[in-house]
Amino acid sequence: MNLFALCPKCSKSLFTAILIIISRSLFGQTFQTAIGYPLPTNERGVSGLIANNGDYMMLGSNFSHPSGFFNPAGDMQLVRLDNLGNIIQPCKIIGQDVGETAAWFEKATDCANNAGYIIAGNEFNGPGHNMLLTLTNAAGTPVWVKRIGTLNDDEQSVCVKQDGARNFILVGTKTDANTGLSSIHAVKTDCMGNLLWERVYSLNVSISAASVTAFATFPNACPNLPNAYFITGKKPPARLVMKKC
């Protein structure tokens, strides 16, 4: 594999990542591959990996990449590999003129049950962050992008899931600009990204979100299932917080 013969769609701009696939072989390893460029580029590792019928889809963050001349702040990037670690074209750069970073992604479906991916990311334009929710099609092309945040407070996403009714639950950490205290921020949207509800869960100390799990995740809508989500977070000194919503 030529590690630097990257796809023209990305103008030769993949993030550095180490991917090791473990199998039942004698040496316990199928392949190990590195993707990216040497200095002075600034590329960040994987924010999620999904197996897809023999190949792999990876999500990462890409800063100061060759195609980012007009956007040195950074973008999210989807990369598809075959089962030997070779790049399958085209890879996807996802972002606008401001900076974006990746947090997590999952397989998802749109309102018509077409397969794709749901991405939890972050947008920064100055000192503050906003959470980003992006639905792509199976090729990684964005279908819609939703921004969740306020002008002054800092919001950063960590995880996203799709439930059995094709709704999305996004969680992150919200830091109040006045008090400096952070809280768990949960957002639920429908399959079009329209806001259904938004909740902030606070304590008398700073807490941060870690993950979210939908009660049931099925490829088809199951509207009669309980409408519940479980959110985990962290509270000092390093204690686990769990919230059902």
Evaluate segment 196-206: report whether one residue or more is surrounded by 18 or more Cβ atoms within 10 Å (Cβ to Cβ) and either outside the structural domain of Ala102 (by TED's automatic domain parsing) or part of a strand (DSSP E or B) (or both). no
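Among the residues in segment 213-221, are any out of contact with any helix residue (DSSP H, G or I) (no Cβ under 9 Å at 6 or more places or on another chain), assigned by TED's automatic domain parsing to the domain that holds Glu123, at pLDDT below 90 and in a strand (DSSP E or B)? Spell out how you get there, then give the answer.
Filtering segment 213-221 for residues out of contact with any helix residue (DSSP H, G or I) (no Cβ under 9 Å at 6 or more places or on another chain) gives 213-221.
With the extra rule that they be assigned by TED's automatic domain parsing to the domain that holds Glu123, the set shrinks to 213-221.
Remaining after also requiring at pLDDT below 90: 213-221.
Keeping just the survivors that are in a strand (DSSP E or B) gives 213-214.
Scanning segment 213-221, I find at least one residue that is out of contact with any helix residue (DSSP H, G or I) (no Cβ under 9 Å at 6 or more places or on another chain), assigned by TED's automatic domain parsing to the domain that holds Glu123, at pLDDT below 90 and in a strand (DSSP E or B), so the answer is yes.
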Name the one entry in Ala108, Ala73 that is of a type in the set (Gly, Ala, Ser), under 30 Å from Glu198 (Cα atoms) and at pLDDT 80 or above. Ala108
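The values are calculated or read from the model by the stated rules, or taken from the named source; none is laboratory data. Please read these numbers as outputs of a predicted model, since none were measured by experiment. Note that each Cβ is placed from the backbone with ideal geometry, even for glycine, and that neighbours are counted across all protein chains shown.
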